[in-house]
1. What number goes with the only condition from (1) open to solvent by 10 Å² or more (accessible area, probe 1.4 Å); (2) in contact with an Asp or Glu (Cβ under 6 Å, 6 or more places away or on another chain); (3) among the acidic types (Asp, Glu) that A:Glu195 does not pass?
2. So which residues in the stretch A:232-264 are of a type in the set (Asp, Glu) and either part of a strand (DSSP E or B) or surrounded by fewer than 24 Cβ atoms within 10 Å (Cβ to Cβ) (or both), if there are any at all?
3. Could you tell me whether any residue of the stretch A:141-154 is of a type outside the set (S, T, N, Q), within 13 Å of chain B (Cβ to nearest Cβ), free of Cβ contacts under 8 Å to residues at least 60 places away in the same chain and within 30 Å of B:Ile52 (Cα to Cα)?
4. Given (1) open to solvent by less than 40 Å² (accessible area, probe 1.4 Å); (2) within 30 Å of A:Lys204 (Cα to Cα), identify the lone condition not met by A:Arg8.
5. A:Ser223: small (Gly, Ala, Ser), over 21 Å from A:Ala141 (Cα atoms), at pLDDT 95 or above and open to solvent by less than 30 Å² (accessible area, probe 1.4 Å), yes or no?
6. Do you know which of the residues in the stretch B:10-33 that are exposed (fewer than 15 other Cβ atoms within 10 Å of the Cβ) and facing chain A (nearest Cβ under 9 Å) is nearest to B:Ile64 (Cα to Cα)?
7. Please pick out the residue among A:Ile303, A:Ile354, A:Ile360 that is under 26 Å from A:His291 (Cβ atoms) and assigned to a strand (DSSP E or B).
8. Considering only residues that are without any contact (Cβ under 8 Å) to a residue 24 or more places away in the chain and either part of a helix (DSSP H, G or I) or within 14 Å of chain A (Cβ to nearest Cβ) (or both), which ones fall in the stretch B:56-73?
Amino acid sequence: MTTSSMTRRVVVTGMGVVSPVGNNIDTFFSSLIEGRSGIKRIEAPFIDQLDVKIAAQAHFKGEDHFTKQELALLDRVSQFAVFAARQASQDAKMDFTKIDLKRASSFIGTGMGGASATEEGYHRLYRENANRLKPFTVLNAMNGAAGSHVAMQYQLLGSNLTYSTACSSSNIAIGEAYRNIKHGYSDVAFAGGSEALLTFGTIKAWEALRTLADEDASDLSRSSKPFSLNRSGLVLGEGSGMLVLEEMDAAIKRGAHIYAEIKGYGTMNDVYHITQPSVDGQSQAMLSALHDANLKPQDIHYINAHGTATKYNDLMETQSIKKVFAEEAYKIPVSSTKSMHGHLMGATGAVESIASILAIHHKKLPPTMHLDQADPECDLDYVPNEAREISNIDHVMCNTFAFGGTGGVLIFGRV
Amino acid sequence: MESTFELIQQSIAKKLEIDITTIKPESTLEELGLDSLDTFDLIFEAEDKLGIKVPNDEVAVKTIQDMVSLLDKLIQEQKK
């Protein structure tokens, strides 16, 4: 019964989130609708050594959710992933004793994996001149750990795959999970991403790239300003987003609440430059998602933009949307929720997918905050500064584009 | 100075967040809920505190007493 030629429909039946604006989906979405920013002064002992002292940190303490013994093996990135997965499985009301676990999988995206464990190891070796490392260093630091812990939590015996394509990692993970179920290799999957890279070394590395935003002089929570004339770069964030995906007929049969269907997925590699995106690459990813969904440009009612607040992304993404949607581009609301939750890197697609799905669910569009004067070259409807009610919202597009080139675009639809 | 047993007892109690008196010499690591990785972690900590090195082929221990005996033997050997 499992052949790659099978085509089945894939739905989202549960969601969970750890984010700078809330650690459950209700708080997360109401924060976005109310325009609340999670960007603050970094709370860390190394703050004085940073040039950029702001970030979007998740308010999350591992000891609130895990035992000491569990924590020994869970880097912050895995703690986020497991906690988000627990929420998603509860939300999906899935009885794991009633599914074929051999056909249940996990697909997780992360950019940096266990960044704290890696950093702690180097710190011990180079700063403290220790001659040996803790026994669990490898197990905490490895990129696949978060996915493995999610899979172990629910004894998922199918695929356990980790995608690391920088900023697009989790849209790629969700897209590949969708294809995996669609073509009959799995029936159920946890799909999403996790990132916990706000360590001293990682922030320093980002500082050197000169892509981080300056602090807004009047209010530092306003420092992420996608599409704005006075934007100055991205704000690093951390967190996790996790979806439970299921084959649609099975979800209906068990009476699951269905948030949305994954209608399409497009991915492409932008080979123009290691950091700079191109219109050809970005537009191709959007077109391929539309093609996969068998939808026309005018069927899309909202775009959750990648919208990083860097000059290159915002200009290229605006031009790419115009190329794909032609005259429709000006009619489609486009917003970047990174203005509030920052850039969660390998987790950003997952939390933005949740924002996109909840936009369909609640018929409300989260705004692009801190957009008083748009860059003249960014002339689309960015839903500035205020959420918007929308009566007709059947299909939404969620864009992610990455350093390194991999773009991942998802289309979600009302069921 | 505390005995090797007390040192191990304290490490395990802290790690598992359990009552120290439930850890007895005859307790097996398995019944306490410690797997092979936890054992590595305990031995790593003991090596630091006792200033000894446990060879890789000697880490297979079943009970707390096995671990204490192993560590005491190595202390004797390595402090000569």
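The values are calculated or read from the model by the stated rules, or taken from the named source; none is laboratory data. None of the values given here were measured: they were computed from a predicted structure. Glycine gets a Cβ as well: all are built from the backbone with ideal geometry, and neighbour counts include every protein chain shown. What goes into the accessible areas is simple: the full protein's heavy atoms, side chains included, and nothing from ligands, DNA or RNA. Shrake-Rupley method; radii C 1.70, N 1.55, O 1.52, S 1.80 Å.
1. (1)
2. A:Glu246, A:Glu247, A:Asp249, A:Glu261 - these are the residues of the stretch A:232-264 that are of a type in the set (Asp, Glu) and either part of a strand (DSSP E or B) or surrounded by fewer than 24 Cβ atoms within 10 Å (Cβ to Cβ) (or both).
3. Taking every residue of the stretch A:141-154 in turn, none turns out to be of a type outside the set (S, T, N, Q), within 13 Å of chain B (Cβ to nearest Cβ), free of Cβ contacts under 8 Å to residues at least 60 places away in the same chain and within 30 Å of B:Ile52 (Cα to Cα).
4. So A:Arg8 meets the others, but not (2).
5. yes
6. Here the residue is B:Gly33.
7. A:Ile303
8. B:Asn56, B:Asp57, B:Glu58, B:Val59, B:Asp66, B:Ser69, B:Leu70, B:Lys73, listed by residue number.
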